[in-house]
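Nothing in this text is a laboratory measurement; each read-out follows from the coordinates by a stated rule. Note that the structure is predicted; figures quoted are calculated from it, not measured. All Cβ positions, even for glycine, are placed from backbone atoms using ideal geometry, and neighbour counts span all protein chains on display.
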């Protein structure tokens, strides 16, 4: 048995309709947005070491999950062949 329904958009009221009836409709798709975060690290560790980089990703992943953020993908982005760049010291 096939069941069909329609909605009155002004009131949000749903009702049963015959599936052979034709009605106007709107399709909506939510496109997930991408966000980039720029992180600053200060560490004595060798941040170019792939094992250290993986540890950082693992820790970020765990922290985000504890904050109930589950729909994400973490990765490093290389610029000029490097993931980490030293910031120039600011003149005071």
- Once residue 9 and residue 48 are pulled to full extension, the length gained, defined as 0.36 nm per residue separation minus their Cα-Cα distance, is 8.5 nm
- Stretched fully, the stretch from residue 69 through residue 89 gains (0.36 nm per residue minus C-alpha distance, one decimal, in nm) 3.8 nm
- State, to one decimal in nm, how far the label point of residue 18 lies from the label point of residue 41, with both points 7 Å from Cα in the Cβ direction. 6.6
